[in-house]
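Contents: one structure, followed by commentary.
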Amino acid sequence: MAYNGKASKQQAKIAAYVLSYEFGATQSSIAQVFNTSQSVISQWIKEVTYQKKIGDLEGQIDKAMELVQELSKQLQIESKRLD
């Protein structure tokens with residue numbers, strides 16, 4: 001059965017990641033479903049892995065902000081962030 005192309009490319013990349021890591025599908029079998037090469041699937045999985053790591057780090061930074069704000073007050077410094 002081949003992929004019908006209805007999802008966005010980002011959704012396809014995430015699906016490839018989940019099929020690989022959560023379901024144990026091989027990159028070759030995922031490539032067959034998406035009608036592409038194993039190397040493309042490998043790249044998609046790497047991209048999603050990096051995006052996930054970045055997202056996890058952003059979450060950790062957000063969680064640390066209360067402590068950072070308290071420490072910045074003790075140091076009597078202000079954030080240089082413009083956002």
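Annotations for the structure displayed:
- When the C-alpha to C-alpha distance is required to be over 20 Å, the pairs from Lys6/Lys52; Lys13/Lys46; Lys13/Lys52 that qualify are Lys6/Lys52.
- The angle between the Cα long axis of helix 38-75 and the longest principal axis of the Cα atoms of the chain comes to about 10 degrees, rounded to the nearest 10.
- Cβ crowding within 10 Å averaged over residues, with 52-60, 33-41 ranked highest first: 33-41, 52-60
- Counting only lysines at least 8 places from Lys80 when in the same chain, those with an alpha carbon closer than 22 Å to its own are Lys63.
- For the chain, the longest principal axis of the alpha carbon atoms and the long axis of helix 9-21 meet at an angle near 80°.
- Gained length - Glu22 relative to Ser37, 0.36 nm times residue gap less alpha-carbon distance: 3.4 nm
Readers should treat all values here as calculations from the given coordinates under stated rules, not as data from a laboratory. Values in this document were obtained by computation on a predicted structure and should not be read as measured data. Please note: Cβ atoms are built from the backbone with ideal geometry, for glycine as well, and neighbour counts cover all protein chains shown.
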